[in-house]
Amino acid sequence: MRAYELIKETFCRKLYILIVHLSWLALYGMFYWLRLPDAGEISDFARFIFIWGGFFLALALSAGIFGDDISSGRICVLVTKPVWLGELYIYRLLGLSLQAAVHFILAWFVIFIVHALMRKGSMNGLGLWLFASWLLFNTCAALSTSLSVVVGRAYNALLLLVVFITAFFVVSWLMASSKQQADTGVLFSFIRFACPPFELLSKFAGGEYGKYSLTVGRFSLAKSAACIVHSMILTVVYSIVGIVLLSRQQFSRVRD
């Protein structure tokens, strides 16, 4: 019962959450209707869902997920109950993950309806992209939720947005510059393996690894599985950091 209440609270904690889901779903349908991608262009449309649903949706739903309660003093009410703070973190993150799962299932149905009505376009490979989007969502949501423990109000989402946009332009500039690969190899390795796996999951969903799944060697099913496992490991690591930070917080009843 406690788990159900904590997960349910994640769905209902703010009215704008429903508005976000409906807006995102409408945007998917409208974008598909305007583009009507064929079999060769579905990856372009799918990448839009991958970024918009996997990253921006995670920020929108996790904004202030702990920061609001901590800043308002409501967290003190939760602390007085016989509940481990780590359990509170886990169920809230699980609630976000379940929201995303339902969201991407509905997204598939929305696109299917538009596809059936228009009788044009292609949905080939869309399911794999939605699965990759869900994995990316979990990783980004875990990172944002952990940041919400130490950042007041909903600034965790804003801070991550600024950091990722800045990092995108910096990395793009480094890749376009004339610097040797050795100078930036460590930085790129850190971004690829320690940050949310945008590149790995996009290659996985795009079939770059899957098309070699029946071979033995460098390109195999193991590499596709490694992308999934890597994403899950990052989610767990980010979550552990958040649980440790939350468990060490000293809460007072004084509002910020």
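Each value in this text was obtained by applying a stated rule to the coordinates, not by laboratory testing. Please read these numbers as outputs of a predicted model, since none were measured by experiment. Neighbour counts run over all protein chains shown; Cβ positions are idealised from the backbone, glycine included.
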TODO: For the chain, please report how many Lys pairs fall under 24 Å Cα to Cα, leaving out neighbours fewer than 8 apart on the same chain.
DONE: 5
Task: Stokes-Einstein diffusion coefficient of the chain, Kirkwood radius over Cα pairs, 4 °C, 1.567 mPa s, in µm²/s - done: 66
TODO: Figure the gain on full extension for residue 94 and residue 77 (residue separation times 0.36 nm, minus the Cα-Cα span) and round it to one decimal in nm.
DONE: 4.0 nm
Open item on the list: Give me the one-decimal nm value for the distance between modelled label points at residue 131 and residue 208, 7 Å along each residue's Cα-to-Cβ direction.
Closed with: 1.8
- [ ] Positive end of the charge dipole of the chain (Lys, Arg +1 and Asp, Glu -1 on Cβ, about the Cα centre): tell me which of 226, 88, 244 has its Cα farthest that way.
- [x] 88
Open item on the list: Just to confirm the number: angle between the C-alpha axis of helix 16-35 and the first principal axis of the chain, 0 to 90 degrees, nearest 10?
Closed with: 10
Open item on the list: With +1 assigned to the C-beta of every Lys and Arg and -1 to the C-beta of every Asp and Glu, and no other charges, what is the dipole magnitude of the stretch 1-120 about the Cα centre in debye, to the nearest 20?
Closed with: 180
Task: Distance histogram for the stretch 2-95 (every C-alpha pair counted, 5 angstrom bins, percent rounded to whole numbers) - done: 2, 11, 18, 19, 14, 11, 9, 7, 5, 3, 1, 0
TODO: Return a whole-number percent for the relative contact order of the chain, with Cα pairs under 8 Å and 6 or more residues apart as the contact set.
DONE: 29
Task: Rounded to the nearest 20 debye, dipole of the stretch 2-247 from Cβ charges on Lys, Arg, Asp, Glu - done: 160
Open item on the list: Can you order the peptides 165-176, 145-156, 84-95, 8-19 by their average number of other Cβ atoms within 10 Å per residue, highest first?
Closed with: 145-156, 84-95, 8-19, 165-176
- [ ] Mind giving me the FRET efficiency for residue 177 and residue 87? R0 is 51 Å, r the Cβ-Cβ distance, nearest 0.05 is fine.
- [x] 0.60
Task: Estimated FRET transfer efficiency when R0 is 35 angstrom, pair residue 116-residue 249 (beta carbons, to 0.05) - done: 0.10
- [ ] Would you mind computing, in nm to one decimal, how far apart the modelled labels at residue 101 and residue 124 are, each placed 7 Å from Cα along Cα→Cβ?
- [x] 3.0
- [ ] Would you mind pulling out the separation of the Cα centroids of the stretch 1-62 and the stretch 120-136, in Å?
- [x] 13
Open item on the list: Given R₀ = 41 Å, what would the calculated FRET efficiency be for residue 19 paired with residue 222, taking r from the Cβ atoms and rounding to 0.05?
Closed with: 0.45
